[in-house]
1. Determine which member of the set L152, L107, L117 is more than 25 Å from L23 (Cα to Cα) and within 15 Å of ligand 2 (Cβ to nearest atom).
2. Residue by residue through the range 378-416, note down the ones that are polar (S, T, N, Q) and over 22 Å from G171 (Cβ atoms).
3. Please specify each residue of the range 397-419 satisfying the condition of being of a type in the set (D, E, K, R) and either surrounded by 18 or more Cβ atoms within 10 Å (Cβ to Cβ) or touching a Leu at 6+ places or on another chain (Cβ under 8 Å) (or both).
4. Can you tell me which of (1) under 27 Å from G426 (Cβ atoms); (2) in a helix (DSSP H, G or I) is the one K225 doesn't meet?
5. Please tell me if P88 is within 12 Å of ligand 2 (Cβ to nearest atom) and within 26 Å of L380 (Cα to Cα).
6. Starting from the range 5-29, take each residue that is over 24 Å from D422 (Cα atoms) and list its partners that are among the β-branched types (V, I, T), counting only C-beta distances under 7 angstrom and pairs at least six apart or across chains.
7. Restricting attention to the range 153-172, and to residues there that are within 21 Å of the chain's Cα centre (by Cα) and part of a helix (DSSP H, G or I), which single residue is nearest to Q384 (Cα to Cα)?
8. Just wondering, is there one or more residues in the range 207-215 that are buried (at least 24 other Cβ atoms within 10 Å of the Cβ), touching a strand residue (DSSP E or B) at 6+ places or on another chain (Cβ under 6 Å) and not β-branched (V, I, T)?
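The values are calculated or read from the model by the stated rules, or taken from the named source; none is laboratory data. None of the values given here were measured: they were computed from a predicted structure. For neighbour counting, all protein chains shown are included, and Cβ atoms are generated from backbone atoms with ideal geometry for every residue, glycine included.
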Amino acid sequence: MTKNVDAFMENIKAKNPGQKEFLQAVEEVVESLMPVLDKNPKYKQAKILERMVEPERVIMFRVPWVDDDDEIQVNRGFRIEFNSAIGPYKGGLRFHASVNLSILKFLGFEQVFKNSLTTLPMGGGKGGSDFNAHGKSDNEIMRFCQSFMSELYRHIGPNTDVPAGDIGVGGREIGFLFGQYKKLVNRFEGILTGKGRNWGGSLIRPEATGFGTVYFTEEMLKIKKESLKGKVVALSGFGNVAWGAAQKIDQLGGKVVTLSGPDGYIYDKDGINGEKIDYMLEMRASNNDIVKDYADKFNVPFYKGKRPWEVKCDIAIPCATQNELFEEDAKQLVDNGCICITEGANMPCTPEAVELFQNAKTLYAPGKAANAGGVAVSGLEMSQNSMRFNWSSEEVDEKLHKIMRDIHEQCVKYGTNGNYIDYVKGANIAGFIKVADAMIDQGVV
Ligand code: NDP
Ligand code: 2IT
């Protein structure tokens, strides 16, 4: 770390004690940006970085609800409205027992850069709750969502803040949240994305994050004159992102051999395709939190408590959660001949793992670039809602594909170091410039 980065981080650490994930995300960005600030005094004078690491607004609230045994439960709800320089706050809601302020601030901060990269007019935000869906009935999930929205509704709006899904929030939860919003305000408007296709949702939104991650992977592989055809791919997670990625990899001739959950991973040497991909939806909807069911159903090996990165593969796409791929996993992947690591999840690789990939000159792309397809199609859903018009699947997919190619181009433009592309640097700088210039235009607010 340079002296400037050290000094900057000291101050941020003192202001945000114990916020491990947030500090991790900020440090990575600051390391990429210091040289840009040194070359452009206007950003330093306007204290852009100091302003960007402070959310515009943090909302925390009580979420009380009644469970099926008539007992009152209390969760904590959050919405981090991080930056609105280039558009309304935009970003997902995460419902998971691990959720806390640090995790949501890290996700909101990353979202600012990601949304800027999409080329669409969206600011950055994130929210969620420490609600644990494990073992809950559909009615309990509905009552929780209704209580959550009973507070959130006053802070959001189609031109103010537009949440969407993330871990633990899919089509079912978005439906319950939307229903409650509409009942409270008596208006049908696009205040959430990821809606059902009959009531304002965009086609391809459920698939978009996974599809986009795979389109980005294709662009990276082209640099090495490679393609997905015939490649063995290790995926982690079994949720929305992993599901979309598995479909697209299969369509493009690759073979997905692993999925993982908090309980371990499964290895399917014949490849995960067809009804096996459909089964992923069932596993997620069951609220059981385990991937072992796949092994039992399709009679393949299950490795309890282990991560999939020990499997020999050409490409690895972590799609579960932050900090799920460590230095020792990175070493194993590189030693086993893995040529490309694309982050489907947000910040799944630890800083030490990223450093190892980059030192080995492996193709490596951070989530804020590679998984931006989800929020990009959310942006397209907002446009369709404003127009009161729907594009076809082909039209949305084509726009998504173009956006992912554009993001890749921006990373190449700002991240090329000799004959290696540093996608971290490229994504951070490209994402930053647009937001920073907008902040300067808008004065000290
Ligand atoms: P889902 O809830 O659909 O799936 C998440 C998956 O990861 C589940 O299988 C979940 O299991 C698993 N998981 C969660 N925590 C852990 C853990 N500590 N260890 C192992 N597995 C875990 O979420 P998404 O697929 O939507 O999100 C996955 C990642 O992609 C997240 O990082 C998210 O921020 C990111 N992302 C999502 C986008 C979207 O559009 N949905 C867009 C861009 C990024 P369980 O819940 O049972 O613990
Ligand atoms: O991390 C993300 O980009 C998301 N969870 C999607 C956000 C969105 O607004 O679609």
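1. Among L152, L107, L117, only L152 is more than 25 Å from L23 (Cα to Cα) and within 15 Å of ligand 2 (Cβ to nearest atom).
2. Matches in the range 378-416: Q410, T416.
3. Passing the criteria: D397, K399.
4. Failed condition: (2).
5. Yes.
6. Filtered contacts from the range 5-29: I12/V26; I12/V53.
7. Only one residue fits best here, namely G171.
8. Checking the range 207-215: not a single residue is buried (at least 24 other Cβ atoms within 10 Å of the Cβ), touching a strand residue (DSSP E or B) at 6+ places or on another chain (Cβ under 6 Å) and not β-branched (V, I, T).
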